[in-house]
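Data first, discussion second: the structure below is written as structure tokens.
The values are calculated or read from the model by the stated rules, or taken from the named source; none is laboratory data. Bear in mind the structure is a predicted one, so any value in this text is a computation, not a measurement. Note that we place each Cβ from the backbone using ideal geometry, even for glycine, and neighbour counts take in every protein chain shown. Calculation scope for accessible area: heavy atoms of the full protein, side chains included, ligands and nucleic acids excluded. Shrake-Rupley method; radii C 1.70, N 1.55, O 1.52, S 1.80 Å.
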Amino acid sequence: MHKIYRQTTCSVLAVLLFVCAVLGGCQVKRPAATPQTTQVPYQEENTDNYEHYEERSLEEQTRFKKEMEELFISEVSDTQVNLHFMLKDPSRYGITHARNLYPSMSQEVLDQNLQSQQELGGLLDSFDPALLTEDQRMTLRILQSYMDTEEKARGLQLYHQPLAVTIGVQAQLPILLAEYAFYTRQDIEDYLELLAGIDEYYQDIMDYEKRKADAGLMMSDRTIDHIIESCESFLLTPGENFMTETFDSRMEEVEGLTQEDKDTYRQRHAEALEQDFVPAYQLLIDGLTALKGTGTNDGGQCGYPEGKAYYEYLVYSSTGTSYGSVDDLLEDVEYTMEDALISTSLLLRQYPELIDEIDTYAFCETEPEAIMEELKTATQKDYPPLPACSYTFKMVPKSLELSLSPAFYLVSPLDDYENNTIYINGNPRFAGSDLYTVIAHEGYPGHLYQNVYFHTQNQEDIRKLLSFAGFSEGWATYVEREAYLLDNGLRPEMGQLLADNYMVSLGLHACLDIYINYKGWTREQVREYLQRYYNQPDSAVESLYDAMVENPANYLSYYVGCMEIRNMRRTAEEQLKDRFDLKAFHKFILDIGDAPFDVIQAYFSTWLEEQKEGK
């Protein structure tokens, strides 16, 4: 049995929870608009013995299908969290239970994972691409690209950081547990078992953190303090809290429960929270406190012995970029940001009144449901149609507002795409965010739209399981920018100004991510840079620096993914001119679905030639 492992051993959280970051401003040189690639999609071989070729093709296709089905079953049933959130009805796939409650971070398991990676790589290399179907060839190329990226992290397992302020396990797992759907009575039992096992899971993480500390790879005391503050949000008081409230509402969905059943489950739930959940967070707090003083690096990822190499891995795993090096990528990020900055300057010079209107502009719709419905209508012209599906907006619990992002979309099960959930964070610190474009990012035509579209268009289960943040966050960021340009109540010039400023703001964060984690910039260098161009207060400098140190390469997935898509669009517009069809371009991107950009670029070249020929 073969398994896919990304070094983020709690990858289920990355798959399930898409977070939206709203950011802020800056400068630089111009490289090629679109990275060049020599890769092209595989072509069928010619053969004199057609019947023999057909027989060999059928055998290879059958073998590939069987191996991918086994890989899917193995991956999706690895943990109970994985299984439940990925499949509403596992029995349809012949799955009766998960192998583990949570992923393990023991050294033994990490070593086993490396061995499984090697075995999977050998399996993939054993296939002859020319004998596979077109869809199978694409799946093979995506998996091989994935494995090539994972190879960059070989020997660097202790550099992974499962705990982080907003995107760490301790911040995201409670939301997953609070959203753990109850379809049957057994789901309630499984959920209570997950609660009972969370303390062992967190102890496993703390054992891993101790190994990091022994290896001289522990995070700084400043970062530890921020994570401890995040953990304190989950020291729930007995009685009314967000876990209790969601538990009661979910029980109402289960048929056949008597009042006595519900009372019994409530009592068991309260005991699990008190005896397992809260102690698990206290365990993290105590464990991290004991490790204070062991971290010697107060700067970016490159401050660790092999941190620069690990950051390169993070860049490629987070973005799936087609660029050949981090330096080449940085050059284009700087250029893209500078280009947007020049555009904002020209707009303000041509329409100086926009400066006075920047604090008073308003979208025509301001409520989440109304915004979503308007976006569904407004995007019909330039985006392919989507099957009917429902969605629910929920507010982030008050106690978690400081620990979570402005908004996020909770991915629906693979076999139940019709029901979707989007969380909105009502904390005042996000009051400046444009809810209209945030919902475009999370809903239509962003994550919800993208997820439902691919799950209804693609029939290969293993493809639905694979998730590449650069593609998914890149698409959502791309359409968030486009939402400023829709007929949304803004005057066109204001919409363009906000769209350009959005790219400047995101670009600043992307540049700082690389400057700090790859170039080794200090806090003072970041302060001088920001004050020189943007006159940022010291508090903003500290906040930005901490965000980049605590979440290396996270911001890049948004900006680089968006930049890759916009580069392809610009190339298509320049070469196709009047024949360019925006809906066709969007359909091409969405049809390929989650994939690294080195793979997408190869298929883009073919698509572009077909468009030129009118196919």
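Being hydrophobic (A, V, I, L, M, F, W, C), closer than 30 Å to Met494 by Cα and surrounded by 21 or more Cβ atoms within 10 Å (Cβ to Cβ) is a condition met by no residue of region 269-279. Of the residues making up region 560-580, not a single one is under 26 Å from Gly307 (Cα atoms), in a helix (DSSP H, G or I) and either open to solvent by 10 Å² or more (accessible area, probe 1.4 Å) or polar (S, T, N, Q) (or both).
Taken over region 532-551, the residue count meeting the criterion of being loosely packed, with under 14 Cβ neighbours inside 10 Å and either free of Cβ contacts under 8 Å to residues at least 40 places away in the same chain or acidic (Asp, Glu) (or both) is 6.
Listed here are the residues, each with its yes/no results for (1) out of contact with any Asp or Glu (no Cβ under 6 Å at 6 or more places or on another chain); (2) closer than 28 Å to Thr149 by Cα; (3) hydroxyl-bearing (Ser, Thr, Tyr).
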{"residue": "Thr379", "(1), (2), (3)": "yes, no, yes"}
{"residue": "Leu414", "(1), (2), (3)": "yes, yes, no"}
{"residue": "Glu442", "(1), (2), (3)": "yes, yes, no"}
{"residue": "Tyr449", "(1), (2), (3)": "yes, yes, yes"}
{"residue": "Gln459", "(1), (2), (3)": "yes, yes, no"}
{"residue": "Leu466", "(1), (2), (3)": "no, yes, no"}
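The sole residue among Gln496, Gln525 that is of a type outside the set (A, V, I, L, M) and farther than 28 Å from Glu353 by Cβ is Gln525. Out of Ala171, Ala196, Ala164, one residue alone is at negative phi, surrounded by fewer than 18 Cβ atoms within 10 Å (Cβ to Cβ) and small (Gly, Ala, Ser). It is Ala196.
Condition check for Lys398 on (1) more than 19 Å from Tyr484 (Cα to Cα); (2) at pLDDT 90 or above: one failure, at (2). Take the conditions (1) under 20 Å from Glu274 (Cα atoms); (2) in contact (Cβ under 8 Å) with a residue 12 or more places away in the chain; Ile142 misses just one of them, which is (1). The single condition among (1) open to solvent by less than 20 Å² (accessible area, probe 1.4 Å); (2) under 15 Å from Leu273 (Cα atoms) that Ala213 does not meet is (2). Residue count for region 94-103 satisfying the condition of being surrounded by fewer than 21 Cβ atoms within 10 Å (Cβ to Cβ) and either in contact (Cβ under 8 Å) with a residue 24 or more places away in the chain or in contact with a Lys or Arg (Cβ under 9 Å, 6 or more places away or on another chain) (or both): 1. Would you check if there is a residue in region 517-524 being in contact (Cβ under 8 Å) with a residue 24 or more places away in the chain, crowded, with 23+ Cβ neighbours inside 10 Å, under 27 Å from the mean Cα position of the chain (by Cα) and within 30 Å of Met218 (Cα to Cα)? Yes - at least one qualifying residue is present in region 517-524.
Where helices (runs of 4 or more DSSP H) fall entirely within region 75-191, those with at least 2 residues that are within 20 Å of the chain's Cα centre (by Cα) and closer than 26 Å to Asp415 by Cα are at 80-86, 134-151, 169-178.
The condition of being closer than 18 Å to Leu400 by Cα and at pLDDT 95 or above does not hold for Ile205. For region 583-591, state whether one or more residues are over 27 Å from Asp327 (Cβ atoms) and outside any helix (DSSP H, G or I). No, region 583-591 contains no residue that is over 27 Å from Asp327 (Cβ atoms) and outside any helix (DSSP H, G or I). Do we find that Glu45 is at pLDDT below 90, among the charged types (D, E, K, R), under 17 Å from Ala130 (Cα atoms) and in a loop (DSSP other than H, G, I, E, B) in this structure? So Glu45 passes the test. When the residues of region 338-348 are filtered to those that are within 9 Å of Asn501 (Cα to Cα) and under 27 Å from the mean Cα position of the chain (by Cα), the one that is modelled with the highest pLDDT is Ala340.
The number of residues in region 368-411 that are closer than 10 Å to Asn425 by Cβ, open to solvent by less than 10 Å² (accessible area, probe 1.4 Å) and not in a loop (DSSP other than H, G, I, E, B) comes to 3. Scanning region 415-428 for residues that are at negative phi and part of a helix (DSSP H, G or I) turns up at least one hit.
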